[in-house]
Amino acid sequence: MNRRERKACNGGIFMSAKMKAAQISKAGGNFEIVEREIPEPRPGQVRVKVEACGICHSDSVVKDGVWPGLQYPRVPGHEVAGHVDALGDNVTNWTKGQRVGVGWHGGHCFVCKYCRRGDFAMCVNRKITGVDFDGGYSEYMIAPATALAAIPDEVPAAEAGPFMCAGVTVFNALRNSGAIAGDVVAVHGIGGLGHLGVQYARQMGFNTVAINRGSDKAELARKLGAHHYIDAATNNIVEKLQALGGATVILATAPNAQAISPLVDGLAPDGVLLVPAAPPEPLTIGVFSLIMGRRSVAGWYSGTAKDSQDTLEFSSLKGVHPMIETYPLDRVAEAYEQMLSGKVRFRVVLKIS
Ligand SMILES: [Zn+2]
Ligand SMILES: [Zn+2]
């Protein structure tokens, strides 16, 4: 439905156009469906007509008001898929109608010392979509042109959304982990991040181990491409990993410090425990184990728009798909609760148009 209306005004014509958005207006507030003016892109920006937007656990920083300096009202959403609807001045590399995604990385400054070295993800002035500016729980949004990723034709919008945060995070973590083809790579936790991590690990050529509590995920893990499944409820994970020669990388996607901390003993020498999702509590790591195996623990931070585009293209090339549940924008509160419940298999996506 075209929500735009043209109205005569003082003999001229101006566009009075409204859009629907889901906003949070205070820390701890509920989602409010509101009508807003459709925003105009400024120089260097584009307007995106949003088709789908994933709901990520990190959206809770807006809902709960835990991000320093966050200004309300704010429209969350950083797993955005849609198409370019209007171009601001000085945008030369995108065209109207082009399919694009917008992810967590919402732009960078180009002048800080990390940007000057081309490490835009580490920009000290980086912006976060749906946190520093309004995101994708909306029919339209404004994004810096530098935050856009082109979506391949084969990837539907509802699947493209989750690749823009969950996907790029694990894809980028694994491809920069130092593991090479044939190495043992374990993915701990088969959830929103982990079900993608297992697929990427398999498709990147790693000897792929999926770890989760319970036997019910065993078959799914194998379908996603895992060569091995370790039921954490009935097995000693460390012994099982060491029986495989030890893991070069363990991607810890379940944000549970108690479960993650002992995993370092399952690493091979020089192995890395890679943590892309923050547990609320600190990890308790035995440093002796790090020293004796020259092992390390590292965090991983998302990626730039180009990393997201690489994620989309790799996923299209290799047949990696997110498993999603979709909701209309009007049911955003219910969709958000479903994400929080942990019952979702595995990503919640708002289908907006
Ligand atoms: Zn996210
Ligand atoms: Zn910068």
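The values are calculated or read from the model by the stated rules, or taken from the named source; none is laboratory data. Given the structure is predicted, the values throughout are model-derived calculations rather than measurements. Glycine also receives a Cβ, built like all others from the backbone with ideal geometry; neighbour counts cover every protein chain displayed.
This table checks each residue for (1) of a type in the set (Lys, Arg); (2) within 16 Å of ligand 1 (Cβ to nearest atom).
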position: LYS63; (1), (2): yes, yes
position: GLY103; (1), (2): no, yes
position: PHE110; (1), (2): no, no
position: ARG116; (1), (2): yes, no
position: VAL124; (1), (2): no, no
position: PHE133; (1), (2): no, yes
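Screening PHE314 on (1) within 16 Å of ligand 1 (Cβ to nearest atom); (2) under 16 Å from the mean Cα position of the chain (by Cα) shows it passes everything except condition (1).
When TYR140 is tested against the conditions (1) aromatic (Phe, Trp, Tyr); (2) within 16 Å of ligand 2 (Cβ to nearest atom); (3) touching a residue at least 60 places away in the same chain (Cβ under 8 Å), the lone failure is (2).
One line per residue, one yes/no per condition, for (1) closer than 27 Å to GLU325 by Cβ; (2) hydroxyl-bearing (Ser, Thr, Tyr); (3) modelled with pLDDT of 95 or more:
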position: GLU35; (1), (2), (3): yes, no, yes
position: LYS63; (1), (2), (3): yes, no, yes
position: TRP67; (1), (2), (3): yes, no, no
position: GLY77; (1), (2), (3): yes, no, yes
position: GLY82; (1), (2), (3): yes, no, yes
position: ASP85; (1), (2), (3): yes, no, yes
position: TRP94; (1), (2), (3): no, no, yes
position: GLN98; (1), (2), (3): no, no, yes
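Within segment 105-134, the set of residues being within 16 Å of ligand 2 (Cβ to nearest atom) and among the hydrophobic types (A, V, I, L, M, F, W, C) comprises CYS109, PHE110, VAL111, CYS112, CYS115, PHE120, ALA121, MET122, CYS123, VAL124, ILE128. For ASP85, state whether it is within 30 Å of ASN207 (Cα to Cα), away from ligand 2 (no atom under 16 Å from the Cβ) and in contact with a strand residue (DSSP E or B) (Cβ under 9 Å, 6 or more places away or on another chain). Criteria not met by ASP85.
Contact map, segment 54-69: residues that are farther than 17 Å from LYS343 by Cα and more than 16 Å from ligand 2 (Cβ to nearest atom) paired with residues that are of a type in the set (S, T, N, Q) and assigned to a loop (DSSP other than H, G, I, E, B), Cβ distance under 9 Å, separation 6+ or inter-chain. Pairs shown: LYS63/ASN30. The sole residue among GLY189, GLY167, GLY161 that is within 16 Å of ILE230 (Cα to Cα), at pLDDT 95 or above and either acidic (Asp, Glu) or within 16 Å of ligand 1 (Cβ to nearest atom) (or both) is GLY189.
For segment 1-33: of the residues being among the polar types (S, T, N, Q) and at pLDDT 95 or above, which is surrounded by the most Cβ atoms within 10 Å (Cβ to Cβ)?
GLN23
Here is the figure for segment 196-230: residues that are closer than 21 Å to GLN258 by Cα and not small (Gly, Ala, Ser) total 7.
Flag set for GLU239, criterion: farther than 22 Å from TYR200 by Cβ, free of Cβ contacts under 8 Å to residues at least 40 places away in the same chain and in contact with a Gly (Cβ under 9 Å, 6 or more places away or on another chain).
Residue count for segment 308-338 satisfying the condition of being touching a Leu at 6+ places or on another chain (Cβ under 8 Å) and either closer than 14 Å to LEU224 by Cα or among the acidic types (Asp, Glu) (or both): 2.
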